[in-house]
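A quick write-up on the structure given underneath.
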Amino acid sequence: MTNFANVYPAHINELQARARNVLNRENLEGLVIHSGKELKVFLDDNSYPFKVNPHFKHWLPLTNVTNSWLLINGHDKPVLIYYQPVDFWHKVETLTDDFWTPFFDIKVITNAAEVDALLPYDKANYAYIGEHIEVAKALGFEQINPDGALSYLHFHRAYKTPYEQALMRLSNERAVAGHLAAKAAFMAGESEFEIQRAYLQATSHTDSETPYGNIVALNENAAILHYTALERNKPEQHRSFLIDAGANYHGYASDITRTYAYEQNDFAALIARMDKLMLNAVDGLKPGKSYVELHCETYLDIGRVLAEFNLIHCSAEVAAEQGIVSTFFPHGLGHHLGLQVHDVGGFMADERGTHIDTPAQHPFLRTSRAVEAEQVYTIEPGLYFIDSLLADLKASEHSNAINWAQVEKFKPFGGIRIEDNIIVHQSHNENMTRDLNLG
């Protein structure tokens, strides 16, 4: 188990340095970061599950506290205004001493409105960072989520400190436990709903605590990229299983995908081949490499898989050049990972936020930035049999390039996606997922 007391001080020092730099550059006195507040369901007195502001949990591992604030100037000890109401309706998050508490000047409020007395009186040069614009305006903030400050913070968030890397290893550990339980439930012939229950129990998460809605798809449902329906009934036959599911640890996400065949057959062989392709893409993730270039190389490799499994009559090169591969692989290779599943900064050339366009042929890429050390990525190639895309291809001029009989053979299995979480170091890649023996 990581001793956070050993790595957290350097994390805070790094965030303080980033704060000083952005405040100096933007001529600001400070950042005021709002944890957020509960959002009510329309015409109801219930609230949606609370999701904390990622800028808030970047500083400290508080993910369930509403109406709390951070005041940061890059020099003084950050001030934490901690909301701890007297409430007999709901459980109150009790403030306790932990590895992070000595690094903050903590002021407790019992009423959310009390924050105004603890904020700077003159807010002209303080930037509000948060979701609730109406709250910021009511408190008198003039600079609300300024683009220059956010661009700087988002660009540098791509570099993960040792503290952050430690949390992401633990997040992967939780998710791997869930994946193993889900695989066992699939092999036992359970329904999607029951497989999801097994996953949540193994990760000690509720539905709202996972970093995104789990994708638990049997058979043809694996062809729906963001499938979250969770059929309650077992299918007549278990053929295939795709699970895309992560976990959280102190607010840091993991994002892992596996695909399984119920029997040893041609689809199982296709999974094994895609697994090899995925690990080859991981090997290509190196400092200085363009992520777009790595995506394009993997795109061509998927064309080779299509040829090897007799799904196309043309060469891989022709399939890639003519965009045929996109029918079977319609998304990007992966994305940045961290405080958010699709973490920020992926399209930035610099801390000013200069945008790096993606190629027109690959519009769904989630990052176009050059790979650098201490960044964390997912690598998640896929190969799917999606009815609507196949119909478009069949109606196109490229229809004769496809072995439609072979496509029909694989359609009942839905598709394949395999995804690992990678820390890029200067000398090597750390595959957090495979290090936990999730094959």
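The values are calculated or read from the model by the stated rules, or taken from the named source; none is laboratory data. Remember, predicted model here, so these are calculated numbers, not experimental data. For neighbour counting, all protein chains shown are included, and Cβ atoms are generated from backbone atoms with ideal geometry for every residue, glycine included. With ligands, DNA and RNA removed, areas are computed over all heavy atoms of the protein, side chains included. Shrake-Rupley method; radii C 1.70, N 1.55, O 1.52, S 1.80 Å.
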Query raised in the report: Given only helices, namely DSSP H runs of n ≥ 4 each adding -39500 (n - 2.57), what is the per-residue ellipticity at 222 nm of the chain, to the nearest 500 deg cm²/dmol?
Result: -10000 deg cm²/dmol
Query - Sparsely packed chymotrypsin sites (Phe, Trp or Tyr not before Pro) within the range 93-165, loop by DSSP, other Cβ within 10 Å at most 11 - result: Y121
Report task. Take each complete run of DSSP H in the chain, measure how far its Cα atoms stretch along the helix's own axis, and keep only those covering 24 Å or more with mean Kyte-Doolittle hydropathy at least 0.0; list them. Result -> 162-187, 266-283, 291-308
Query raised in the report: Please state the relative contact order of the range 162-436 as a whole percent: Cα pairs under 8 Å, 6+ residues apart?
Result: 22
Report task. Report, in cubic angstrom per residue, the convex hull volume of the C-alpha atoms of the range 4-145. Result -> 114
Report summary line: As straight-line cross-link partners of K234, the qualifying lysines (C-alpha separation under 26 Å, not fewer than 8 residues apart within one chain) are K183, K409, K411
Query raised in the report: When you take every Cα atom in the range 202-252, what is the radius of gyration, and what is Dmax, the widest Cα pair distance, in Å?
Result: 12.5, 40
Query raised in the report: In nm, what is the difference between 0.36 nm times the number of residues separating A349 and S396 and their Cα-Cα distance?
Result: 13.2 nm
Requested in this report: Equivalent ellipsoid semi-axes for the range 278-382, as square roots of 5 times the alpha carbon gyration tensor eigenvalues: give them largest first, rounded to whole Å.
Outcome: 26, 14, 11
Query raised in the report: Carbon-plus-sulfur fraction of the accessible area of the chain, 1.4 Å probe, in percent?
Result: 49
Requested in this report: Please work out the ratio of the alpha-carbon Rg of the range 75-186 to 2.2 N^0.38 Å and round it to two decimals.
Outcome: 1.46
Report summary line: Computed curve, the range 323-439, Cα-only Debye sum without solvent term, log₁₀ I(q)/I(0) at 0.12 Å⁻¹, is -0.58
Requested in this report: Determine which lysines satisfy two conditions relative to K107: a Cα distance under 30 Å, and not lying fewer than 8 residues away in the same chain.
Outcome: K37, K40, K51, K57, K77, K91, K123, K137, K160
Query raised in the report: Looking only at I312, I416, I243, which one moves most when the chain is put into a Gaussian network model with springs between Cα atoms under 10 Å?
Result: I312
